[in-house]
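This report concerns only the one structure given below.
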Amino acid sequence: MGVTVLQPYPMPENKSGAHIIDYLSKRLLSLGATHAGQFLVDCETFISSPQPHNGTPGRAVHVLHNSEYPASTFSIMDSGTGKQVSLVADSIFDLLMLKMTNTFTSKKQTKIESRGARFEYGDFVIKLGSVTMMEHFKGILIEIEYKSCMILAYCWEMIREMLQGFLNINVGKDFPSYFAPQTIMTPMGQQQMHAKHNDMYEPTDTVKQYLEQFTNYRKHVSMHGGLGGQQQQPVHMSPSPVMGAAGGLGMIRP
Amino acid sequence: MSNSVNISVETTCEKKIREIGYDGTELYQPAPTLSESLAKCAARIDFSKTSLDDLKKEEKTAAAAEEENKDGTQFQESLWPWDAVRNKLKDALTEICVLSDVISIAKDKRYLVLDPLLEEGDDTKPIVQVYSRKKAISQAAQVLLSGAERLRNAHSEQRSRNVSDFHIELLRLRQNWRLKKVSNAIIGDLSYRTAGSKFGMSGTFEVTKAEEASDDDSAISSTTSSSTATNNGMQMKASSALRVIVPAELQGVAYIKVITQKDQEDLCTAQVNLMGHGPNITAQVGVWQKTLEFAQNVLFCKELFAQLAREAIQLQAPIPHVVIGNQIRATLLPNIQLIISLCHSTTFDSNQPAPINDHDHVLEHSLHQLLREVHYKNSHHPFPHPASAPLGPSKKRMLAGPMAADRETLLDMTKTQTILEQIIAQAQHIFMRKRTQYVLDTLARDVKDPQIVSHWNAMNSPTMSCVKINIVTHGYDAIGRTSLVIHVKERSLKCICRDGRVMRLSYEPQELRDLILCQINSHQISCLVSLARCMAWTVLSNSNHLGIGKVEPLGNASSCLLASPNGDRMIAVQIRCDPQIDVKVYIARSPRQDFFPSPLVPEKLWENLGGNFKEVKFDKIEGKSFLNKMEFLMASLTSNTA
């Protein structure tokens, strides 16, 4: 279990998703990586049933599974203000959510998943995932994990080099948006810049990154009119990091 | 003026109709006159009700008579309504007159005296009471005495007897074993089922009264014993001890024998004990308790052996395990075998000779403990016991979900070791430990110069032990000491030296020996360096691995070059550990003795360049140990001349 970074792959216009995946797998295999099974990360969203009247969107609970942690279910609750509360639970949590149908309704159309092959290359674990939402292909998401390190700041350069090497794309020098320094409220009540790339990495960070990317994909779809007539998402889940109460961010509406 | 209103008051009762004429006129019965009504009321008075004695009798007779003469009296009533009244009044008057006569006579006190009744009747009552009570108490005493008599008889009978009562024995049996009454027979259970065992063999035994007459009822099977069991209900005065009948396959004595054997690959000499059925019932081994305990032990050993045999067949080992009859052979290390056998003797013979090979009691006990651990895990589930999740996973597995454990961790949790694997690991470790001890002890005995001191840890696990080895030279402990720690595992050793080097050795004893010899080698040189510093000699150079001379199996020579305090002497030491420690010492003097100016090197000053090294007969030097000799050598070569 080490530092994991998600990298969305920019899709060229004329190529299909399967073709890209094939091309990247060939590159990895020729590099010397070994194919080691499949992986799946999926996300289901539950919206709180009685919608509040004053126009603020209801609370959303995202339930995610990661095949890398098969015994656990992750859930992130998004209140309307942009604050996220995350939970790691046993797999039995899914059954609990089934019982909560009175308070939370599941929006089946927004079930999104990233599925694909898993490669092991020395200390790296690289996953090539094709993101699909209700059988519609959305994009390609690369997940790279460096198993020997627990702090991003120590190994970001190496990960970046690895990504640039086999993906042949330009990866920015800055830390990914999830790890960017954020303003948080200390317990003393002051605002402070908190550098997430110096923290110990946790499995919930992987899942939160996935949620961020999935949200982007959903928004991307709803901004571009959507495929297959999906309804617009109440975008209360802001992809930007947690902001303090003093610096509240308004809702981003497409 | 108010006009008064006339209010008419009429009775509700109408007159009875006596006759209705043909023309419709109704003739009413005239209402009874006052005298008639009085007569009616007077006739209703029953004077007989005043006397209590005649009340009941006369009521009955009067009631009977009334029934009969109802018609008659009604007839007579109209004629003489006052007749009965008159008669009764007459009687009453007669009695009153008599009463007044009696009273007047009694008042005269001449012919009739009225005396109060004496109290003598009361005096007799307490005595009667006492008599009656005495009788009652004596009757009660009789009852109690007869009961006590019976108890005393029973007690004296019991004491006089040698054979104990069936029921007392049954009570004691019940305190130790689980018994159940099924129709007429008493069935007991001596299996480990309630302790968590899942073995198929049933461990039921039967409890019956032992027949005193016939001892060799060998044909008693469970069906016929039920007939003898019907006697259990009766209270038999000539009571006998109870007998337990255990199933045929559990009779006798059994134990598991574990032997580690060396260099015997000969399979045809393996003893095959066929566990046949011996005689049906062996002689009772002492009391029933011992019988039952032995039978339970037999069941336990059978279960253990069955489990081991099953695992031996299922496991894939590099050298496959062999199961023949009641023996399991497993290979621990090359040429070393572990033999687990189930010894079951149905004829109990207390003069049995001790087995020839002495078996490993520690491993046998370990086997018993391992099976008990399996039983325990079957019946005890680790906490927490959740209401909504499966029961059984360990605590680590329960926490794996909320702690986001990854796939490797989860896979590790699923790996379990079977009993056979565990016992093989333990046996291997015991063997490695013995071997390591042997190597260290022989080395300590053979190598006298630096002393090898080994400290074994008192606490160790069944599959790992640790030993700390100190190499010191006697007398020079403060100068230097080489220490290393050896972790003895099942098939390998791991040595950690003081400088942090970690070396992994295999099970060959020679590797450990070589390692210790190399450590002795480096110990000598490092102590010499420290000693030279104490003696004010300069260490010019030292090396642990020179790379000179012929190739040796144990690494190469280590060396040290020392210079005296005023530089006129040099000592060169070379230590090899060929098969033994071999020390070579050379000394050189600085102004050469054998310098002669030649045309090529004319100046005299070149004599200071240093002479040839000459070997010292090191074993002839005085000194107890290498360091001692070196100290003397250095002392003798130190000169005061500047």
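Rule-based calculations on the coordinates, nothing more; no lab input. All figures in this text were calculated on a predicted structure; none of them were measured in a lab. Backbone-built Cβ (ideal geometry, glycine too); neighbour counts: all protein chains shown.
For this structure, a couple of remarks:
- Checking every one of the trypsin sites (Lys or Arg not before Pro) in the stretch B:375-452 against DSSP loop status and a limit of 12 other Cβ atoms within 10 Å picks out B:Lys415, B:Lys448.
- Ordered by the count of other Cβ atoms within 10 Å of each Cβ, fewest first, B:Arg178, B:Arg133 give B:Arg133, B:Arg178.
- Cβ crowding within 10 Å, taken as a proxy for footprinting-reagent exposure, orders B:Arg18, A:Arg160, A:Arg27 from fewest neighbours to most as B:Arg18, A:Arg27, A:Arg160.
- Contact order relative to length of the stretch A:20-169, as percent, for alpha carbon pairs under 8 angstrom and 6 or more apart: 23 percent
- On full extension, the segment bounded by B:His545 and B:Thr25 gains 170.5 nm, given 0.36 nm per residue less the C-alpha separation.
- Residue-span extension gain [B:Asn335 to B:Lys415] - 0.36 nm each, minus C-alpha spacing: 25.9 nm
- For the pair B:Phe632 and B:Lys620, label points projected 7 Å from Cα toward Cβ lie 1.3 nm apart.
- Net charge contributed by nearby residues that have their C-beta within less than 15 Å of A:Val131 (K/R +1, D/E -1): 0
- Comparing A:Ser86, A:Leu167, A:Ser16 along the charge dipole axis of the stretch A:3-218, the residue lying farthest to the positive side is A:Ser16, per the Cβ-charge model.
- One chain, two ends: B:Glu249 and B:Ser183. Fully extended at 0.36 nm per residue, the span grows by 21.3 nm beyond their Cα-Cα distance.
- Considering only Cα atoms, the convex hull volume of the stretch B:528-638 works out to 122 Å³ per residue.
- Its Cα centre serving as origin, the stretch A:1-117 has a Cβ charge dipole (Lys and Arg +1, Asp and Glu -1) of approximately 180 debye.
- Taken over the C-alpha atoms, the stretch A:3-218 has Rg and Dmax values of 18.4, 57 angstrom.
- Relative contact order %, the stretch B:528-638, counting alpha carbon pairs below 8 Å whose residues are six or more apart: 21 percent
- Residue by residue along B:393-404, Cβ atoms of other protein chains within 10 Å of the local Cβ number 4 on average.
- Sorting A:Trp156, B:Trp606 from the fewest to the most surrounding beta carbons within 10 angstrom yields B:Trp606, A:Trp156.
- For the stretch B:528-638, size of Cβ-based charge dipole, Lys and Arg +1, Asp and Glu -1, in debye: 100 debye
- Compared with the rule-of-thumb size 2.2 N^0.38 Å for a compact globular protein, the stretch B:374-459 has a Cα radius of gyration ratio of 1.84.
- Overall form of the stretch B:420-518 per C-alpha gyration tensor (a/c, 1.5; a/b vs b/c): prolate
- Positive-end ranking of B:Pro597, B:Met634, B:Tyr586 along the dipole of the stretch B:528-638, with charges on Cβ about the Cα centre, is headed by B:Met634.
- Proximity of backbone amide H atoms, modeled 1.01 Å from N, is registered between B:Arg569 and B:Ser564, B:Ser590 at under 5 Å, excluding neighbours fewer than 5 places apart on the same chain.
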